Amino acid sequence: MKQNSFGVFLVFLLLSGVTARAQIKKEEVLLAVDQTARYISEVLLDEQGKSRCDYNLTEGTWYEYEVPWHTGQAVYALLAAYKETNNPKYLESAVRGGDYWASLEIRDHPVLKGMVAAVHGDAIGEDFIVFATVSDGTPGIYELSRVTKDPRYARVATSAAHWMLKNMYYPEKGVCYDNVDAKTGEVLKEYSPFWAQKDKKEQKLYDVSRPNTEGWLFKDAYEFSGDARFREAYLNLCNSLIALQGPEGVWMSFMPNFIEEQSFHPRFSLWYAESLIHAYKLTNDRKYLEAASRTAEVFARAQQKDGTIFYNNYLNGREPDKGSVTGSAVALAGIVWIELSKYGYKQFDENIEKSIGWLLKNRYAADHPDPNLRGAVLETRTRFRKGKVWLTNRDIGSSFALRFFVDYIHYKFK
C-alpha cells in the first residue's frame with residue numbers, strides 16, 4: 001500500500017514537473033511581441049505606410065489585397081505593441097501607416113466626397129469600394145488619434161462613417177450595403193460583385209448587404225464626434241446581429257459564410273462577436289455578451305487539439321479543409337475568448353492557452369533565409385489561378401497575433 005502511494009506520488013511529481021515546464025513564460029511572449037512588431041514595422045509596411053498584404057511563396061512576390069483594412073490592422077497591432085513596450089519605432093511605423101490611410105480621403109468627387117477610396121482589389125478588382133474594407137481598418141485609425149492626440153486620423157475615418165451612414169445604412173432592415181462603384185459613387189443595392197464567381201444572377205437583400213459591425217466603426221465615430229446617430233445605428237446593427245444569428249452561433253445567411261455548403265469563414269463571425277462585446281461595453285447589456293459567447297463556442301469547437309484553425313470549416317460534420325492554415329483566426333478567436341473570460345466565460349480558458357502555444361510555435365524563424373518572412377506568423381492561403389497553385393503567406397496573421405500577444409500578457413501576467 002505504501003509502495004502504491006509512493007508510486008502515485010512520484011507520478012504526480014513527474015506530471016507536475018512536465019506541467020511546470022510547459023507553462024508559457026512572460027519573457028517568451030514579450031520576445032514574440034518584439035519580433036512580430038519589428039516584422040510588421042520593417043517588412044509589412046512599405047515606404048508609403050501601406051501593408052504589402054499577400055506574399056506569394058513560390059514567386060517571392062508581394063500582392064495587394066484589401067490594402068486599407070490590412071494597413072489599419074497593422075497600425076492597430078503596432079499601437080498595442082507600443083503601449084506595451086514604449087518602443088518609439090512602433091509608434092513611428094503606426095503613424096506612417098495612418099498617414100497612408102488618411103491619404104485615401106476623397107476630396108473632389110461629386111458623389112464620394114468625404115468617403116475614403118478603400119477599394120477591395122484582388123478578385124473583384126479596383127472598381128468597388130467595400131464597407132468592410134473601410135471598417136475593418138478603422139480600429140487602428142481611431143486608436144492612432146487616441147495615442148498621438150492628433151484628431152486628423154479620426155476625422156478622416158468619421159467623415160467616411162458619415163458618408164456610409166447616409167448612403168449605405170438601411171436602418172429599417174438593420175443592414176448596410178456592401179459595395180460602392182468607385183467611379184460613379186453608386187451604392188450597389190441589387191448586385192454584388194462578390195457573387196460573380198458563383199454566377200448568382202438573382203441577388204436578394206442579404207446577398208448585397210450585411211448587418212455590418214465589423215471594426216465597430218459607428219461606435220468609434222460616435223465616441224469621437226458625439227453624434228448620437230452613430231450610436232443609434234451601431235446598436236441597431238448589433239441588435240440585428242442578434243436577431244439574425246443562427247442557432248449554431250454564426251451568421252450563415254451572409255457571405256463569406258455559405259449556407260449551401262455549410263461552410264463558415266475563419267474570421268467573419270469573430271468580427272461580429274468582437275463588435276458585440278464592444279456593444280456590451282457601451283450599454284452594459286449582457287445580451288450582447290451572450291450572443292458573442294455563442295459565436296465563441298463555434299470557434300472553440302473548430303480549433304484543433306494543437307490549436308490550429310483552418311480557413312474553411314463546416315457545420316455539417318465535414319472535416320475542415322487543411323489546405324490553408326489561418327493564424328489570424330487562432331489569434332482573433334483568442335482575443336474574443338480573452339475578452340469573454342474577463343466577464344466570466346471561463347469555458348474558453350483552455351482555448352486561449354491552445355492559441356498562445358500555437359502562435360508561439362508557428363512563426364517563421366527570426367533568421368529565416370527569406371527576409372520577407374523573418375518573424376512572420378504562419379497564415380497560409382492556397383488558391384488556384386489559371387492552372388497555378390497560388391500559395392501565399394498573408395500579413396494579417398502577424399497583425400492579429402501581435403494584438404493577441406499583448407492581450408495575453410495582460411490576461412495572464414497582470
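The values are calculated or read from the model by the stated rules, or taken from the named source; none is laboratory data. In this text the structure is predicted, and so the values were computed from the model without any measurement. Using ideal geometry, Cβ is built from the backbone for each residue, glycine included, and neighbour counts are taken over all protein chains shown.
Cβ contacts < 8 Å: first residue within 7 Å of Val208 (Cβ to Cβ), restricted to the range 176-198; second residue assigned to a loop (DSSP other than H, G, I, E, B) and basic (Lys, Arg), any location; separation 6+ or different chain. Result?
Tyr177/Lys189
Can you tell me how many residues within the range 253-300 are among the hydrophobic types (A, V, I, L, M, F, W, C) and free of Cβ contacts under 8 Å to residues at least 60 places away in the same chain?
The total comes to 12.
Go through the range 243-291 and report how many residues are out of contact with any Phe, Trp or Tyr (no Cβ under 7 Å at 6 or more places or on another chain) and among the aromatic types (Phe, Trp, Tyr).
Here the count works out to 4.
Among the residues of the range 108-142, which ones are within 17 Å of the chain's Cα centre (by Cα) and more than 13 Å from Ala160 (Cβ to Cβ)?
Across the range 108-142, the qualifying residues are His120, Pro139, Gly140.
Does the range 109-119 contain at least one residue that is assigned to a helix (DSSP H, G or I) and basic (Lys, Arg)?
No, because not a single residue in the range 109-119 is assigned to a helix (DSSP H, G or I) and basic (Lys, Arg).
Collect the residues in the range 227-262 that are touching a strand residue (DSSP E or B) at 6+ places or on another chain (Cβ under 7 Å), crowded, with 21+ Cβ neighbours inside 10 Å and of a type in the set (S, T, N, Q), keeping them in residue-number order.
none
Limited to the range 74-95, what total is found for residues that are touching a helix residue (DSSP H, G or I) at 6+ places or on another chain (Cβ under 8 Å) and not in a helix (DSSP H, G or I)?
1
Only one of (1) part of a helix (DSSP H, G or I); (2) closer than 21 Å to Ala77 by Cβ; (3) out of contact with any Asp or Glu (no Cβ under 6 Å at 6 or more places or on another chain) fails for Ser328. Which number is that?
(3)
Being under 20 Å from Tyr234 (Cα atoms) and among the charged types (D, E, K, R) is the filter here; which residues of the range 175-213 pass it?
Passing the criteria: Asp178, Arg210.
Exactly one of (1) in contact (Cβ under 8 Å) with a residue 40 or more places away in the chain; (2) under 19 Å from Thr138 (Cα atoms); (3) in a loop (DSSP other than H, G, I, E, B) is unmet by Gly98. Its number?
(3)
Name the residue, out of Leu144, Leu104, Leu79, Leu165, that is in contact (Cβ under 8 Å) with a residue 24 or more places away in the chain, surrounded by fewer than 24 Cβ atoms within 10 Å (Cβ to Cβ) and farther than 30 Å from Trp390 by Cβ.
The unique qualifying residue is Leu165.
Residues are listed down the side, and each one gets a yes or a no for (1) in contact with a helix residue (DSSP H, G or I) (Cβ under 7 Å, 6 or more places away or on another chain); (2) part of a strand (DSSP E or B); (3) modelled with pLDDT of 95 or more; (4) closer than 25 Å to Tyr345 by Cβ:
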| site | (1), (2), (3), (4) |
| --- | --- |
| Lys219 | yes, no, yes, yes |
| Phe224 | yes, no, yes, no |
| Phe230 | yes, no, yes, no |
| Tyr234 | yes, no, yes, yes |
| Asn239 | no, no, yes, yes |
| Phe254 | yes, no, yes, yes |
| Ser269 | yes, no, yes, yes |
| Ile277 | yes, no, yes, yes |
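I'm trying to understand the selection: among the residues of the range 331-360, which are in a helix (DSSP H, G or I) and small (Gly, Ala, Ser)?
Ala331, Ala333, Gly334, Ser341, Ser355, Gly357 - these are the residues of the range 331-360 that are in a helix (DSSP H, G or I) and small (Gly, Ala, Ser).
Residues checked against (1) within 16 Å of the chain's Cα centre (by Cα); (2) closer than 15 Å to Asp207 by Cβ:
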| residue | (1), (2) |
| --- | --- |
| Leu244 | no, yes |
| Val250 | yes, no |
| Asn257 | yes, yes |
| Glu260 | no, yes |
| Ser269 | yes, no |
| Tyr272 | yes, no |
| Leu276 | yes, no |
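Out of the residues in the range 344-388 that are hydroxyl-bearing (Ser, Thr, Tyr), touching a residue at least 40 places away in the same chain (Cβ under 8 Å) and over 21 Å from Glu214 (Cβ atoms), state the one that is surrounded by the fewest Cβ atoms within 10 Å (Cβ to Cβ).
Restricting to residues being hydroxyl-bearing (Ser, Thr, Tyr), touching a residue at least 40 places away in the same chain (Cβ under 8 Å) and over 21 Å from Glu214 (Cβ atoms), the top hit is Thr382.
Given the residues Asp285, Asp306, which is the only one that is over 17 Å from Trp358 (Cβ atoms) and modelled with pLDDT of 95 or more?
When all the criteria are applied, what remains is Asp285.
Looking at the range 301-343, which of its residues are surrounded by 17 or more Cβ atoms within 10 Å (Cβ to Cβ) and either free of Cβ contacts under 8 Å to residues at least 12 places away in the same chain or aromatic (Phe, Trp, Tyr) (or both)?
Within the range 301-343, Phe310, Tyr311, Trp337 qualify.
Among the residues of the range 190-217, write down those that are surrounded by 18 or more Cβ atoms within 10 Å (Cβ to Cβ), hydrophobic (A, V, I, L, M, F, W, C) and either in a loop (DSSP other than H, G, I, E, B) or at pLDDT 95 or above (or both).
Once the filter is applied, which keeps residues that are surrounded by 18 or more Cβ atoms within 10 Å (Cβ to Cβ), hydrophobic (A, V, I, L, M, F, W, C) and either in a loop (DSSP other than H, G, I, E, B) or at pLDDT 95 or above (or both), the range 190-217 yields Val208, Trp216, Leu217.
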